[in-house]
1. Taking a ≥ b ≥ c as the square roots of the Cα gyration tensor eigenvalues, with a/c under 1.5 meaning rounded and otherwise prolate when a/b beats b/c, else oblate, which class fits the range 41-94?
2. Ordered by residue, what ³J(HN,Hα) values in Hz, to whole numbers, does the range 55-65 give under the Karplus form 6.51 cos²θ - 1.76 cosθ + 1.60, where θ = phi - 60° and Gly and Pro are x?
3. Take every Cα pair under 8 Å in the range 49-118 that's 6+ residues apart, average their separations, divide by the length, and report that relative contact order as a whole percent.
Amino acid sequence: MTVEKVDATVADFDKLFAAGDDGGGKGKLKLLLFLADRDASSNLTWCPCNMVLLRAYVGDKPTWRDRAHPWRVDPRFRLTGVPTLIRWENGTAAARLGDDEAHLADKIDAVLNASSAAD
């Protein structure tokens, strides 16, 4: 799966959001992340949220296929497929969505709405 990163503003969102749509509601898979703009004077966002989106690339196909790939064997991640989305909270994986689970509503809900015991 190829991931294309596109940044949008309120002004160009509709045009960019419609890109890749065939008109029948089918088209490219889209993941939407809405963020606060950065303040020009401080380079900080005006939203005090505590979130980081870390995109981690596994390498080329032969590198990924190696059973000794660092993220396959790392006990924190134990990746088995890509793409995988992990919700990381308080030093552990609170939820995960693997490549074979993207169509399962309960799994998607778990990643988006998981909360750790510390909350």
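1. Verdict is prolate for the range 41-94.
2. 8, 10, 8, 7, x, 6, 4, x, 5, 5, 5
3. Relative CO of the range 49-118 lands at 20 percent.
Only the coordinates and a few stated rules stand behind these numbers; no lab work does. As the structure is a prediction and not an experimental result, all values here were calculated from the model.
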